[in-house]
Structure formats: C-alpha cells, structure tokens
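Values in this text are rule-based calculations from the coordinates and carry no lab data. For clarity, every value in this text was computed on a predicted model and none was experimentally measured. Cβ placement follows ideal geometry from the backbone for every residue including glycine, while neighbour counts extend to all protein chains displayed.
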Amino acid sequence: MSHWYQPDLAYIHDVGFGDYAHQAAPALLAQLQSHHLSSGLVVDLGCGSGIWAEYLCQADYQVFGVDLSEAMIELARTRIPQAEFRVDSIFTTPIPACQAVTAIGEVLNYLFDSDRNTSRLVPVFQRIFAALTSGGLFIFDIVEPGQVPPETISQSFREGEDWVVLVEKYEDLSSMTLTRRIITFRQDGSFYRKVEEVHKQQLYDSAEIATQLQQIGFQVQVLDHYGPFQLPIARKAVIACKR
Ligand SMILES: C[S@@+](CC[C@H](N)C(=O)[O-])C[C@H]1O[C@@H](n2cnc3c(N)ncnc32)[C@H](O)[C@@H]1O
C-alpha cells in the first residue's frame, strides 16, 4: 500500500477537491479538439480518482490512467469500469503510443518516489515525446514557488459531511521544495479516524520547464489558466505540442 493518498485522503480528494479537475476538463477537451485530436488514446498520468478520465470517456476517447495510489485507482476503476487503469509511477510506467498525455493537478511536482532534482522530469518528457503521435499534445500543470510567504507556515482546513482535513504548508526556497502536512479525520460510525500524510513537492520555474520541453522538440505555451478556469496562485499550465 502506497504511503500517500491512502483511502481516507483519496476519498476526501475525490469528494472535496475534485473541483480542480471538473473546472479544467472543458478547456482540456477544447484544447484536444482545437488540435484535431478528437479521438484515440489519452494517457492520464497521476489520474487520481478518474474525474478527468470520465470526461474523456464521455467524449469517446480511450483512456489509460496511471497513479501511484492504490486507493485512487480503486476509485477510478469504480467510476469508469471501461477505462484501463494501472497502479504505477509516472517515472517508470511504459507510455503507449497515444494522441495526448495529461498530468492534471500538480502531479509532476510530487516527490513520492523520485529524488529531488530539477532535471528529474526530462526523462519523463522524453518518453512522452516518443509515445505521442505527430501533432499530439502533452498538457499538465505545475507548482512554482510563491504559495506561502517565505519563512512562514500556513495552516488551513476544509470540511465536508463526513470528513475534515487540516493542512500545514511550508516552502523551502533553498531546496525549492514545498512540504504539506495533511491530517484527515473521516467519520467511521460514531467515531472519526485520524490519519496523517506528509507530501513533499519539488517546485519548478515554468520558464525552465518550457526550455527543457523545447529542447526535446515540443512547441510550448505556458499559461496561468485552463480556458476560463484561472489556476490558483503559483501554478502554471503547460500546453506542449509534438510538431
Ligand atoms: C493532487 S492529485 C490530482 C489527481 C487528479 N489528476 C485530479 O486532477 O483529480 C495528484 C495525484 O498524483 C499522483 N502521483 C503523484 N506522484 C505520482 C507518481 N510518481 N506516479 C504516479 N502518480 C503520482 C497522486 O497519487 C495523486 O493521485
């Protein structure tokens, strides 16, 4: 069992934080259409509970979703039984020939199973480039520094009908990392179960990421929105096209 996005946090992410994927989805579909990619296989890296994958299936794309979290993949399989999902890491999973690759919701930032290194994404970008059809798209969003004022720890919470989540965030600019301590309480009968996870992310400069993609052969656009959906502070969307 993966240490991250265990069953309670996977459930809470699905019911309480799915708005990000729901708001991004119409603009992502429009991007695919505007690049004449109106059918075929889309590989969704870090697919989570399959919210975006469901939009793809409803629009008649085939979907192959990959996520490190067994609990997330279980939710995705329940949501869309006809799609293919695999528990695996984006750093090692084979990427089949496809029309598009997506990684929505900071997927590339997580340091769950790879070492801290600002070039660690380059081999993933190369494998995606090799898998994409000519004219294919790679769309993702990435976290930059700037969510938390320097030298401070931010604390916040969110609650739902049967859960509460408390989040503490800290950015270390010397290592370009963000640490999130996440405490969940989920109702189980008349009790609330407490689980704690610590998520570490590598922060990136989107201009540097764009240069890495261009050197591989992608044509790149960096945006602060997916269509009308304005991304939260310190996030950038990247639309990379294999020309
Ligand atoms: C914030 S969630 C976003 C989920 C989904 N894309 C969405 O928009 O709802 C980030 C997801 O990335 C997954 N993830 C992080 N690092 C990963 C890795 N190395 N390989 C596969 N999945 C990873 C996590 O397990 C988690 O499900």
Relative to the present Cα-Cα distance, how much length would full extension add between ASP188 and VAL87 at 0.36 nm per residue of separation? 33.7 nm
Within the chain, count lysine pairs with alpha carbon atoms under 25 angstrom apart where the residues are 8 or more positions apart or belong to different chains. 4
Angle between the chain longest axis and helix 7-16 axis [Cα atoms, degrees, rounded to 10]: 70
In whole Hz and in residue order, list the ³J(HN,Hα) couplings for region 231-237 that follow from phi through the Karplus curve 6.51 cos²θ - 1.76 cosθ + 1.60, θ = phi - 60°; x for Gly and Pro. 6, x, 3, 6, 10, 10, 9
By how many degrees, 0 to 90 and rounded to 10, does the Cα axis of helix 122-131 deviate from the longest principal axis of the chain? 50
Of the GluC sites (Glu not before Pro) in region 1-81, those whose Cβ has at most 11 other Cβ within 10 Å and which sit in DSSP loop: none
Whole-Hz couplings from phi, Karplus 6.51/-1.76/1.60, listed for region 206-220; x for Gly and Pro: 5, 5, 5, 4, 4, 5, 4, 5, 5, 5, 7, x, 7, 9, 10
Just flag the GluC sites (Glu not before Pro) in region 115-206 sitting in loop per DSSP whose Cβ has no more than 11 other Cβ atoms within 10 Å. GLU151, GLU161
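Note down the magnitude of the dipole of the chain about its Cα centre, charges +1 on Lys and Arg C-beta and -1 on Asp and Glu C-beta and zero elsewhere, to the nearest 20 debye.
Here the size comes out at about 520 debye.
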Residues whose built amide H sits under 5 Å from the amide H of VAL101, excluding neighbours closer than 5 in sequence, are VAL43, LEU137, PHE138, ILE139
Tell me, what ³J(HN,Hα) does each residue in region 64-72 have, in order and in whole Hz, if you take phi through Karplus 6.51 cos²θ - 1.76 cosθ + 1.60 with θ = phi - 60° and put x for Gly and Pro? 10, x, 10, 8, 6, 8, 4, 5, 5
